[in-house]
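Encoded as structure tokens, the structure appears first; notes follow it.
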Amino acid sequence: MRKSRSIFLSKSQFTRGLQCHKSLWLLKNRPELRAEPDASLQARFDAGTGVGLLAQQLFPGGVALEYGSGISQNISTTQKLIASGSQTIYEATFRHDNILAMVDILHKGTDGWDLYEVKSSTETKDIFINDTAIQYYVLTGAGINISRVFLVHLNSRYTRIGELDLQELFTIDDVTDLTRHRQADIPQRLAGMRQALQGGEPGIDIGPYCTDPYECDFKPYCWKHIPECSIFDIANLRNNRKFSLYYGGTLHMGDIPPDFLLSDNMRIQVEAELTGRDFINTTAIREFLATVIEPVGFLDFETFMEPVPSFDYQRPYQQIPFQYSLHLLANGRLKHYEFLGEPGLDPRRPFMEKLLSEVRPCRTILVYNQAFEVARLQEMATTFPEFAEDIEALIARIVDLMVPFRHKDYYVKAMCGSHSIKYVLPALVADLSYDSLAIADGEMARLAYVRLAKTNGMAEK
């Protein structure tokens, strides 16, 4: 058996262990059980890498270490750069107490070295201090005098106009005190992780920590005993109440104690699951349909967002509409209109010009989940005030098709607690679903469009 202090950990493994010792054990001993990141998660990883590289330009002239050079080589190179008087090092690499830390930006300040951790978030979060704390522990243990610690993140209030202004794009928060206050707990935390790694698989049951603060990539393994449409699928039931049922021995909806408080909508879902009963409130549905007046437009649009704005009057992570589909029903005839922005160009103005023209005949515009569409349209009205009056007139005609499903005026077992159209559609029309589509949801559409924009950008270079 290895001595506990000989167990090697990286910064990311340390933060994983803070969330769950079992997750750390599985990573070290059963990595094949780890779920591969889906396209969306991988895109977020890639975006984070890009933000980190861009942040290096805040401290130009530094020396970058390449991960492919190997850990030992990078540790040696870091020491040589420090000894030779380098002022800025990107990905400076250190090891202490068998913990590896790679610092995004290490910059020589007036009183010592300043440590900068870069995040693609738009705010400093408490969980980020765990990253800076373990880096501080390693670097000070390795003999580096760290005078200050900073968290670099995107500024959500920055609006691009012209060339990127990196000083405005990024916000730098001093987290020195927060980082130092966590030092006292680190040895005990490390000892607990190393003890867990010395034995067999920890007998840790599932819990809120499976998704908080991050969704664990071993969740499919740890949750394999949870059936479909269990208590965890009860819509709008708080997570702590779900786990209170689970830890009390209740997993299936049929075993929920009669005195356990559920809302009326939750009771509808549970009863439908247990009995197969369909819930159809014909009065409410008729009232809803009475608000739908022809000509009717059936509108759906997609957006993309990016951490670093590409266009004028765009903020970090702002939702940018790039595509819409509009079916117009009038006098029993259906006509289709559509728009797809040119990848790499700002799609908002042509999107809005074409949409306003094509919805003009509509007395009702049906959307699914109007809060999203209305918010995006209002943003467009702010960005393009010349369209504001027409956009407000469009919004006034919007009716949300989600309403009867969200209110459980129509609910069947196949919807499994969800009022998402991906569940509602096949529940209503068994032959229709999103499963066979090459691009089956808005996230896939966003990723495909962003890839096209990157491809066009590379082709133009």
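Each value in this text was obtained by applying a stated rule to the coordinates, not by laboratory testing. Remember, predicted model here, so these are calculated numbers, not experimental data. Every residue, glycine among them, receives a Cβ derived from its backbone with ideal geometry; neighbour counts consider all protein chains shown.
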Quick check on my link table: of K335/K408; K28/K125; K28/K413; K22/K80, which ones sit more than 29 Å apart, alpha carbon to alpha carbon?
K335/K408; K28/K413; K22/K80
Tally the DSSP beta bridges in the chain and give the antiparallel ones as a percent, rounded to 5.
70
Fully extended, how many nm does the chain gain between L261 and R277 (0.36 nm per residue separation, minus their Cα-Cα distance)?
3.7 nm
Extension length gain for T382 and L334 (0.36 nm per residue less Cα distance), in nm, is 14.1 nm
With a ≥ b ≥ c from the Cα gyration tensor eigenvalues, square-rooted, and the rule rounded for a/c under 1.5, otherwise prolate when a/b > b/c and oblate otherwise, the range 21-67 is prolate
Once each part is reduced to its C-alpha centroid, what is the distance from the range 157-206 to the range 288-309 in angstrom?
39
Global geometry of the chain, whether rounded, prolate or oblate, following the gyration tensor of its Cα atoms and the 1.5 cut on a/c:
oblate
Distance between modelled label sites at L289 and A39, nm, 7 Å Cα→Cβ extension:
3.7
Gain on full stretching of the segment that runs from R406 to F311 - 0.36 nm per residue minus C-alpha separation
30.6 nm
Could you rank the peptides 328-337, 183-192, 99-108 by their average count of other C-beta atoms within 10 Å per residue, with the highest value first?
99-108, 183-192, 328-337
Need one number: nm distance between label points at K125 and T110, each 7 Å from Cα along Cα→Cβ, rounded to one decimal.
3.5
Within 12 Å, Cβ to Cβ, of C362, how many net charges do the neighbouring residues add up to if Lys/Arg are +1 and Asp/Glu are -1?
+2
Longest the chain segment clear of GluC sites (Glu not before Pro) sitting in DSSP loops (not H, G, I, E or B) with at most 13 other Cβ atoms within 10 Å runs 229-461
With L289 itself left out, Lys, Arg at +1 and Asp, Glu at -1 over residues whose Cβ is under 15 Å from its Cβ give -2
Sort the range 102-187 into rounded, prolate or oblate with this rule: let a ≥ b ≥ c be the square roots of the eigenvalues of the Cα gyration tensor; rounded if a/c is under 1.5, and if a/c is not under 1.5, prolate when a/b is larger than b/c, oblate otherwise.
prolate
What is the angle, in °, between the Cα long axis of helix 442-460 and the longest principal axis of the Cα atoms in the chain? Nearest 10 is fine, range 0 to 90.
60
Please give the net charge around D400, taking every other residue with its beta carbon less than 10 angstrom from that of D400, where Lys and Arg add +1 and Asp and Glu add -1.
0
Mean ellipticity per residue at 222 nm, deg cm²/dmol - from DSSP H runs of n ≥ 4 across the chain, formula -39500 (n - 2.57)
-12000 deg cm²/dmol
Please list 3J(HN,Hα) in residue order for the range 51-60, calculated via the Karplus relation 6.51 cos²θ - 1.76 cosθ + 1.60 where θ = phi - 60°; whole Hz, with x for glycine and proline.
5, x, 5, 5, 5, 4, 5, 5, 10, x
